[in-house]
Amino acid sequence: MTKLTFQAIQAKQSQTHTVLSFVALASELQQFATIERVARNEAGALSGFQRPQIAGHIREIRDYLEKPEAILPNPIVVAFTDRVEVGPVDADGRCTVEIDLERGAPGLVVDGQQRLTALSQVHDKDFQVFVSAVICADEAELRRQFVLINNTRPLPKSLIYELLPTVRGLPRRLGDRSLAAELAAKLNFDQQSSLKGYIYQHTNPTGIIRDTAIQRVIINSVSDGIMREMIKEPNGTELCFDLVSEFYRAVQYVFRDEWRDHTPKTSRLVHGAGIMALGYVMEILALLDGARSWQDFAKGLACLVGRTAWTSGQWDFGNGDQRHWKSVQNVNRDIVSLAQYLNTIVRNDVKARRAAATEALDLEVSVLSARAQ
């Protein structure tokens, strides 16, 4: 077969372009549409325009498409410069589209390359796909349309994350984020939460703490920390909620002046770097000190008083690494440096208190033994 014919609908949009929509089988789509990946030849000339494949993303789409209930409402956008003919268009915009395959696939994928690649890996069924076709005058115009179509602003990740808890059947990567987003929302809106109203979300635009920072604290703990076992309990979500809420209640109590009425610009305590670094302190106090209530956490945080630079002064991270308080940024390097600095102080304090408790117990035993004699 050297030609494919489809029943289509033409949209009245641009005066200089023909825009059509039709349905094609995945096997047919692969015959008339190709993916040109961006590359340069030896002379440095640019060819193609698609980004490299993202294997994990493709695998997630493929796994989903193999399910009986899978749907794919988003169209694959394909651009043509030649070898496509549009038949007469009736009053309702209906027409036929004929694609010539004699010299290979004439269409180039403008949007949907990951979906098309995933479709090519589904072998048990020939999925029907919506196709949006744009007929361009030449390749230069095709590239222009590619840039314009793909330059639209994507949904903010924070909005996507906020929606995740309402979606089921997510891959593991998004499943972990969904749990974190669910807990972050509860921390932000539950009346019993110490962080009520503090977390910035699309449904709480007046919040000052980034939701992604709190989510990262939760994700780290569920992955490798105290919440890993907590979440397995019948009331695991409540236990994790209480832990985070009690810890940051203690933070607000111990560092009240650096927390109250501040924003990330005026205090690194409510900045993403401070929130995430303190998340590691929460782990130490919960695991090594058995802290669960805000009073327990406050006792463990007391050793940091007078040794922080949340709103003024300098951090001394050791080995000559001194930072102005504002220079600590929400980047992994700074978060790690701040977390290590805080953790070292807290760990040493926990050890010192344990040693003192042991010494006091030994002394008490000695006194009791002496009396017994």
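The values are calculated or read from the model by the stated rules, or taken from the named source; none is laboratory data. Computed from a predicted model, the values in this text were never measured in an experiment. Every residue, glycine as well, gets a Cβ built from its backbone with ideal geometry; the counts of neighbours run over all protein chains shown. Only protein heavy atoms, including side chains, enter the accessible area calculation; ligands, DNA and RNA are left aside. Shrake-Rupley method; radii C 1.70, N 1.55, O 1.52, S 1.80 Å.
Relative to the longest principal Cα axis of the chain, at what angle does helix 236-254 sit, 0 to 90 degrees, rounded to 10?
Helix 236-254 sits at roughly 60 degrees to that axis.
Give the aspartates and glutamates reachable from residue 265 as a straight Cα distance under 17 Å; neighbours fewer than 8 places away on the same chain don't count.
Candidates past the 8-residue exclusion: 211, 257, 334.
Using only the alpha-carbon atoms of region 228-280 as identical scatterers, what base-10 log of I(q)/I(0) does the Debye formula give at q = 0.13, 0.30 Å⁻¹?
Debye curve over Cα of region 228-280, log10 I(q)/I(0) at q = 0.13, 0.30 Å⁻¹: -0.39, -1.12.
Can you give me the angle between helix 332-372 and the longest principal axis of the chain, using Cα atoms only, in degrees from 0 to 90, rounded to the nearest 10?
Result, in degrees: 30.
Based on the Cβ-Cβ distance from residue 25 to residue 157, what FRET efficiency comes out when R0 is 35 Å, to the nearest 0.05?
0.55
Classify region 181-318 from the C-alpha gyration tensor, please: rounded if a/c falls under 1.5, else prolate or oblate depending on whether a/b exceeds b/c.
In terms of gyration-tensor shape, oblate.
Rank-order 187-194, 276-283 by packing density, defined as the average count of other C-beta atoms within 10 Å over each peptide's residues, highest first.
276-283, 187-194
Which order, highest average first, do 74-86, 257-269 follow once you tally other Cβ atoms within 10 Å for each residue and take the mean per peptide?
Peptide ranking by packing, descending: 74-86, 257-269.
As I understand it, the value is the acute angle between the Cα axis of helix 211-224 and the longest principal axis of the Cα atoms of the chain; what does it come to in degrees, rounded to 10?
70
For 116, 239, what's the largest-to-smallest order of accessible area, 1.4 Å probe?
Reading off the accessible areas and sorting them downward yields 239, 116.
How many nm is it between the label spots at residue 36 and residue 305, if each spot is 7 Å from the Cα in line with the beta carbon?
Reported label-point gap for residue 36 and residue 305 is 6.8 nm.
Considering all alpha-carbon pairs of region 296-351, what whole percent are spaced by more than 20 angstrom?
24
Can you find, among 70, 195, 7, the residue farthest towards the positive end of the dipole of the chain? Put +1 on the C-beta of Lys and Arg, -1 on that of Asp and Glu.
The one lying farthest along the dipole's positive direction is 195.
How much of the accessible area of the chain, in percent, comes from carbon and sulfur atoms when a 1.4 Å probe is used?
50
With the contact rule set at Cα under 8 Å and sequence spacing of 6 or more, what percent relative contact order holds for the chain?
Here the relative contact order equals 12 percent.
Among the lysines, select those whose C-alpha is under 26 Å from the C-alpha of residue 3, and discard any that sit fewer than 8 residues away in the same chain.
In chain and number order, the partners are 12, 125.
Shape call for region 245-322 from the C-alpha gyration tensor, a ≥ b ≥ c root eigenvalues: rounded (a/c under 1.5), prolate (a/b greater than b/c) or oblate?
Taking the square roots of the gyration eigenvalues as a ≥ b ≥ c, region 245-322 is oblate.
Which semi-axes, in whole Å and largest first, does the equivalent ellipsoid of the chain have when worked out from the alpha carbon gyration tensor as the square roots of 5 times its eigenvalues?
59, 23, 19
Any idea what the relative contact order of region 181-317 is, in percent, if you count C-alpha pairs under 8 Å spaced at least 6 apart?
Relative CO of region 181-317 lands at 22 percent.
In whole Å, how far is the Cα centre of region 232-246 from that of region 278-303?
The distance from the Cα centre of region 232-246 to that of region 278-303 comes to 15 Å.
Quick one: which of 299/351; 232/299; 67/232; 157/186 span more than 25 angstrom between C-alpha atoms?
Correct reply: 232/299; 67/232.
Would you please classify the overall shape of region 153-255 from the alpha carbon gyration tensor, given that a ≥ b ≥ c denote the square roots of the eigenvalues, rounded means a/c under 1.5, and beyond that prolate means a/b larger than b/c while oblate covers the rest?
Oblate, because a/c is 1.5 or more while a/b does not exceed b/c.
Check residue 18: other-chain or 5+ apart residues with amide H under 5 Å from its amide H, H built from backbone geometry?
135
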